[in-house]
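Worksheet: the structure to be examined is printed underneath.
Computed from the coordinates by the stated procedures, all read-outs in this text should not be read as laboratory data. Keep in mind the model is a prediction, meaning the values are calculated, not measured. Every residue, glycine as well, gets a Cβ built from its backbone with ideal geometry; the counts of neighbours run over all protein chains shown.
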Amino acid sequence: MPNFVEGLLTPGDHPFTINELRRSSLVTGEGVEASGWDGLWRAELVDRLGLFVQQLWQVGVERIFVNGSFVTAKPVPGDIDAYFECEVNQYPRIIVGLLQQEPTLPWDLTRRPIDRRSGQPKPVMWHVYRVEIFPHFTDHPQPTGIQDDTGRNLYFPTLFRRDRETGRPKGVIQIIRE
């Protein structure tokens with residue numbers, strides 16, 4: 001298990017299966033110096049993420065990365081943020097396949113109701129599951145809408161591997177198959 005340095009996961013891509021993630025200190029809090037660690041909530045987030053990951057694998061997506069406050073020493077993360085890699089021309093097939101999966105999950109990223117607490121639009125998957133998973137087009141990257149301190153648009157791979165507050169490098173979890 002990678003360590004935390006000043007509350008952030010050590011830089012790099014850290015491969016975990018969903019089961020390994022569920023047993024890791026990111027869920028249990030073992031060895032993490034943070035009071036109020038909510039392992040039950042973190043385990044619930046991993047279980048919810050697992051539903052989406054299984055469906056992505058069923059439609060041929062292999063590279064999935066997890067970030068957000070979940071991969072920090074924040075005792076109670078608000079959600080799990082993730083992205084998956086694909087090419088632009090694969091995306092329509094992926095979305096059609098995802099929408100045909102059971103159980104029915106809210107894969108529609110276009111409907112974005114406002115979160116009452118933050119006032120920010122969030123996809124339905126976040127409102128229902130507290131999971132946000134976005135596509136990253138490897139052949140035609142799209143900016144996330146978030147900029148660095150110099151005003152440059154960030155793409156998911158860069159955004160996920162830097163702390164938004166400090167700009168320091170941080171690690172991400174790559175979800176792998178059993």
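What FRET efficiency comes out for the pair S118/E30, r = Cβ-Cβ distance, R0 = 30 Å, nearest 0.05? Walk me through the intermediate numbers first.
Values: r = 31 Å, r/R0 = 1.02.
Between S118 and E30 the formula returns 0.45.
Considering only the other residues whose Cβ falls under 14 Å of the Cβ of V53, what net charge follows from Lys and Arg at +1 and Asp and Glu at -1?
Details: positive: R22, R48, R63, R177; negative: E20, D47, E62, D81, E85, E132, E178.
Local net charge: -3.
Report relative contact order for segment 47-175 in percent, whole number only (criteria: Cα-Cα under 8 Å, sequence separation at least 6). Present the calculation step by step, with values, prior to reporting the outcome.
Working: 180 pairs, mean separation 34.1, N = 129.
Computed over segment 47-175, the figure is 26 percent.
Between D38 and E178, what FRET efficiency follows from the Cβ-Cβ distance if R0 is 25 Å, with the result rounded to 0.05?
0.45
For I18, what is the net charge nearby, where nearby means another residue's Cβ is under 11 Å from its Cβ and Lys, Arg count +1, Asp, Glu -1?
Numbers: positive: R22, R23, R48, R177; negative: E20, D47, E178.
Net charge in that neighbourhood comes out at +1.
Given a 10 angstrom Cα cut-off, can you work out which residue in P77, P113, P157 is the most mobile in a GNM of the chain?
With Cα springs under 10 Å in the chain, the top fluctuation among P77, P113, P157 is at P113.
Between rounded, prolate and oblate, where does segment 1-65 land on the alpha carbon gyration tensor, with a ≥ b ≥ c its root eigenvalues, rounded for a/c under 1.5, else prolate if a/b exceeds b/c?
Oblate.
Evaluate the charge dipole of the chain about its Cα centre and quote only its size in Debye, nearest 20, assuming +1 on the Cβ of each Lys and Arg and -1 on the Cβ of each Asp and Glu. Before the final figure, lay out each step's value.
Details: 20 positive and 23 negative charges, 68 e Å.
Computed charge dipole of the chain: roughly 320 debye.
What's the extension gain from L109 to Q147 if we count 0.36 nm per residue and subtract their Cα-Cα distance?
Numbers: separation 38, 0.36 × 38 = 13.68 nm, distance 2.06 nm.
This chain segment gains 11.6 nm when fully extended.
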